[in-house]
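Beneath this line is the structure, given in structure tokens, with notes to follow.
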Amino acid sequence: MGNKILNVVKYIILLTFLASACKNVKVDKVIADPNSLPAEIIEASDNFIISKVGEPFFIKFISLDTSKSKKIKDQFEVHYKLTHPEKSFVDEEIIFYVNNNGKIDTEKSITGIPSIKETSAEIMFNFNEESARDAALSYGLKEGVKDWKVSYEWSALHKQYVWHVLATYKSYGEDENFRGSGEEVYINPFDGSLISKQEWNIR
């Protein structure tokens, strides 16, 4: 009889602990909710991107990243992801800022939104890494002492997506002691045309 009573007491204690744990989880969730994006901010953000890329492109390739979006003082820092299910090199971040009233802050940097509303969406992704390497070679980029660094990325300088190909012609040291020089080219991912070519030097 004593063992039965003891088991019942243990069971009650266990239920009390679980209930307390669940309560704490709910409290944590309530605390986090004020920092989530309000519906009107999401709507304004969606519409802003759609105005640049068109609705079909937005629906197919762009999604809100709620894990990184956050409120900063009197603004929201909004994050989206640009991905392509069949092009692994397309995995980019879109970032911009929205005021509490839903107005986009154009005074701050706007990263990662292509202006392609009047262009076929697929053209943006047809130029792959192999094509970028061939184009870089045709623009006079040399092989160098290391493998080329080739990346599909947003260029803040050119305010568009590019294929960036970097060649190293001289290399000394490692990490923070690295010294070297070479050339780099920025290639238009739409048609493979040369956007810019310049030398780079770390001394």
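The values are calculated or read from the model by the stated rules, or taken from the named source; none is laboratory data. Note that this is a predicted model, so its numbers are computed, not measured. Counting neighbours? That spans all protein chains shown, and the Cβs are built from the backbone with ideal geometry, glycine included. Quick note on the areas: whole protein, heavy atoms, side chains included, nothing else; ligands and nucleic acids left out. Shrake-Rupley method; radii C 1.70, N 1.55, O 1.52, S 1.80 Å.
Among strands (runs of 3 or more DSSP E) lying entirely in the range 68-109, which contain 2 or more residues that are in contact with a helix residue (DSSP H, G or I) (Cβ under 9 Å, 6 or more places away or on another chain) and either of a type in the set (Asp, Glu) or within 30 Å of residue 128 (Cα to Cα) (or both)?
Here the list reads 75-84, 87-99.
In the range 191-203, what residues are open to solvent by 70 Å² or more (accessible area, probe 1.4 Å) and under 13 Å from residue 162 (Cβ atoms)?
191, 194, 197
Quick one: count up the residues across the range 177-192 that are within 26 Å of the chain's Cα centre (by Cα) and modelled with pLDDT under 95.
5
Could you figure out which of (1) part of a strand (DSSP E or B); (2) touching a residue at least 24 places away in the same chain (Cβ under 8 Å); (3) within 24 Å of residue 86 (Cα to Cα) isn't true of residue 164?
Of (1) part of a strand (DSSP E or B); (2) touching a residue at least 24 places away in the same chain (Cβ under 8 Å); (3) within 24 Å of residue 86 (Cα to Cα), only one is false for residue 164: (2).
Please tell me if residue 77 is open to solvent by less than 60 Å² (accessible area, probe 1.4 Å), closer than 20 Å to residue 42 by Cβ and within 14 Å of the chain's Cα centre (by Cα).
So residue 77 passes the test.
When both residues are 6+ apart or on different chains and their Cβ atoms are under 8 Å apart, which pairs have a first residue that lies in the range 186-203 and is in contact (Cβ under 8 Å) with a residue 24 or more places away in the chain, and a second that is surrounded by fewer than 16 Cβ atoms within 10 Å (Cβ to Cβ) and among the charged types (D, E, K, R)?
So the pair list comes out as 186/197; 202/179; 203/179.
Can you pull out the residues in the range 163-178 that are surrounded by fewer than 16 Cβ atoms within 10 Å (Cβ to Cβ) and under 30 Å from residue 112 (Cβ atoms)?
175, 176, 178
Open to solvent by 60 Å² or more (accessible area, probe 1.4 Å) and at pLDDT 95 or above: does that describe residue 115?
Details: open to solvent by 60 Å² or more (accessible area, probe 1.4 Å): yes; at pLDDT 95 or above: no.
When the stated conditions are applied, residue 115 does not pass them.
Does residue 130 fit the bill of being in contact (Cβ under 8 Å) with a residue 40 or more places away in the chain and either on the phi > 0 side of the Ramachandran plot or outside any loop (DSSP other than H, G, I, E, B) (or both)? Explain how you work it out, then say what you get.
On the way: in contact (Cβ under 8 Å) with a residue 40 or more places away in the chain: no; either on the phi > 0 side of the Ramachandran plot or outside any loop (DSSP other than H, G, I, E, B) (or both): yes.
When the stated conditions are applied, residue 130 does not pass them.
If only one of 42, 12, 59 is in a helix (DSSP H, G or I), β-branched (Val, Ile, Thr) and either open to solvent by less than 40 Å² (accessible area, probe 1.4 Å) or modelled with pLDDT under 90 (or both), which one is it?
Just one listed residue meets the conditions, 12.
Yes or no: residue 103 open to solvent by 90 Å² or more (accessible area, probe 1.4 Å) and touching a His at 6+ places or on another chain (Cβ under 6 Å)?
no
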